[in-house]
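The values are calculated or read from the model by the stated rules, or taken from the named source; none is laboratory data. From a predicted model like this one, the values you see are computed outputs, not experimental measurements. Because the Cβ atoms are built from the backbone with ideal geometry, glycine has one as well, and the counts that use them run over all protein chains shown.
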Amino acid sequence: MDVYLGEFVGTMILIILGTGAGASINLNQTYAKGQGWLFVAFAWGMAVTFGVYVAAAFGAPGHLNPAFTIAAAISGMLKWSQVAGFIGAQMLGAFVGAAIVVIHFYPHFQASKDEAAGNTVGIFATKPAINSPIFNFLSEVIATFTFTYITFNLGDFATGLKPFIVGFVIFAIGASLGSTTGYALNPARDWGPRFAYTVLPIPHKTAAHWGYAWVPLCGPIAGAAIAAVLFNLE
């Protein structure tokens, strides 16, 4: 059970730090209001780094990501019998992490009375810069393929300084490929917080845009699976 607990807690830390950055740059009366894209990309990179470290402390591999878990099973790094447990832990960890961010920023949600004031599902989940579903899907496929293929070639990425390397991979992808869709790369990172935004009593919340949610679910799974197949051919 330690590996499942590790995936839960590691994903929770990932979302606390990542969506916390999203709240910081969007909500009214925060000191970071209005910070730019590189701030976001770096914050998510470090969120992944420390999420992996926490997961590894429990003996988990630090996937924190259903798409990566499925790819690991395809490549033979993980037993298929463990996949459902990993994904459930990751989704639950993402939801809990988002709920903690809601509590932390609650007064700032109260001070942000509509989407124009920054109270948007984009704090928690991804949305496209240009709404073009097929190309949005392809963007997620390409970005997640790149992330997964690089990470597979790092070997055991949960040891030593390698989690920092993974974090800088996330930062690099965010800076280069992430500005089209917000680079979900990870269905749990999107669906868990999106669901939290939907069901929790957040002041002045706006639409959760579930019509788009298939993109950050299917795109990362497809991209990671392609990376696993290519990796197996090496």
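Going by what's in this entry, would residue 148 be described as under 20 Å from residue 220 (Cα atoms), assigned to a helix (DSSP H, G or I), in contact (Cβ under 8 Å) with a residue 24 or more places away in the chain and of a type outside the set (Gly, Ala, Ser)?
Values: under 20 Å from residue 220 (Cα atoms): yes; assigned to a helix (DSSP H, G or I): yes; in contact (Cβ under 8 Å) with a residue 24 or more places away in the chain: yes; of a type outside the set (Gly, Ala, Ser): yes.
In short, yes.
In region 1-31, which residues are modelled with pLDDT of 95 or more and loosely packed, with under 15 Cβ neighbours inside 10 Å? Before you say what the answer is, go through the steps one by one.
Taking region 1-31 and keeping what is modelled with pLDDT of 95 or more, we get 3-31.
Within region 1-31, 29, 31 meet the criteria.
Residue by residue, here is whether (1) of a type outside the set (Ser, Thr, Tyr); (2) in contact (Cβ under 8 Å) with a residue 60 or more places away in the chain; (3) surrounded by fewer than 18 Cβ atoms within 10 Å (Cβ to Cβ) holds:
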site	(1), (2), (3)
178	yes, yes, no
190	yes, yes, no
197	no, yes, no
200	yes, yes, yes
206	no, yes, yes
225	yes, yes, no
228	yes, yes, no
232	yes, yes, yes
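Identify all residues within region 171-208 that are at positive phi and within 17 Å of the chain's Cα centre (by Cα); write none if there are none.
As a first pass, look at region 171-208 and keep what is at positive phi: 182-183, 185, 204.
Answer for region 171-208, where residues must be at positive phi and within 17 Å of the chain's Cα centre (by Cα): 182, 183, 185.
Within region 139-169, which residues are closer than 18 Å to residue 183 by Cα and of a type in the set (Ser, Thr, Tyr)?
Across region 139-169, the qualifying residues are 139, 144, 146, 148, 149, 151.
Just give me the residues in region 187-227 being more than 22 Å from residue 89 (Cα to Cα) and part of a helix (DSSP H, G or I), in sequence order.
The initial filter retains those residues of region 187-227 that are more than 22 Å from residue 89 (Cα to Cα), namely 201-209, 211-212, 226-227.
Correct list: 211, 212, 226, 227.
With the requirement that a residue be under 22 Å from residue 76 (Cβ atoms) and outside any loop (DSSP other than H, G, I, E, B), what does region 151-168 give you?
First, the residues of region 151-168 that are under 22 Å from residue 76 (Cβ atoms): 151-159, 162, 166.
Once the filter is applied, which keeps residues that are under 22 Å from residue 76 (Cβ atoms) and outside any loop (DSSP other than H, G, I, E, B), region 151-168 yields 151, 152, 162, 166.
Just to be sure I understand, how many residues within region 28-69 are touching a residue at least 12 places away in the same chain (Cβ under 8 Å) and either on the phi > 0 side of the Ramachandran plot or not in a helix (DSSP H, G or I) (or both)? Break it down stepwise before answering.
At the first step, the residues of region 28-69 found to be touching a residue at least 12 places away in the same chain (Cβ under 8 Å) are 28-30, 33, 37-69.
Filter once more, keeping what is either on the phi > 0 side of the Ramachandran plot or not in a helix (DSSP H, G or I) (or both): 28-30, 33, 58-65.
Adding up the residues that qualify gives 12.
I want to confirm something. Restricting to region 72-93 and keeping residues that are over 26 Å from residue 153 (Cβ atoms) and among the aliphatic types (A, V, I, L, M), which single residue is surrounded by the most Cβ atoms within 10 Å (Cβ to Cβ)?
So, considering only residues that are over 26 Å from residue 153 (Cβ atoms) and among the aliphatic types (A, V, I, L, M), the one surrounded by the most Cβ atoms within 10 Å (Cβ to Cβ) is 91.
Consider residue 211 carefully, then state whether it is within 13 Å of residue 67 (Cα to Cα) and more than 11 Å from the chain's Cα centre (by Cα).
Working: within 13 Å of residue 67 (Cα to Cα): no; more than 11 Å from the chain's Cα centre (by Cα): yes.
It is false that residue 211 is within 13 Å of residue 67 (Cα to Cα) and more than 11 Å from the chain's Cα centre (by Cα).
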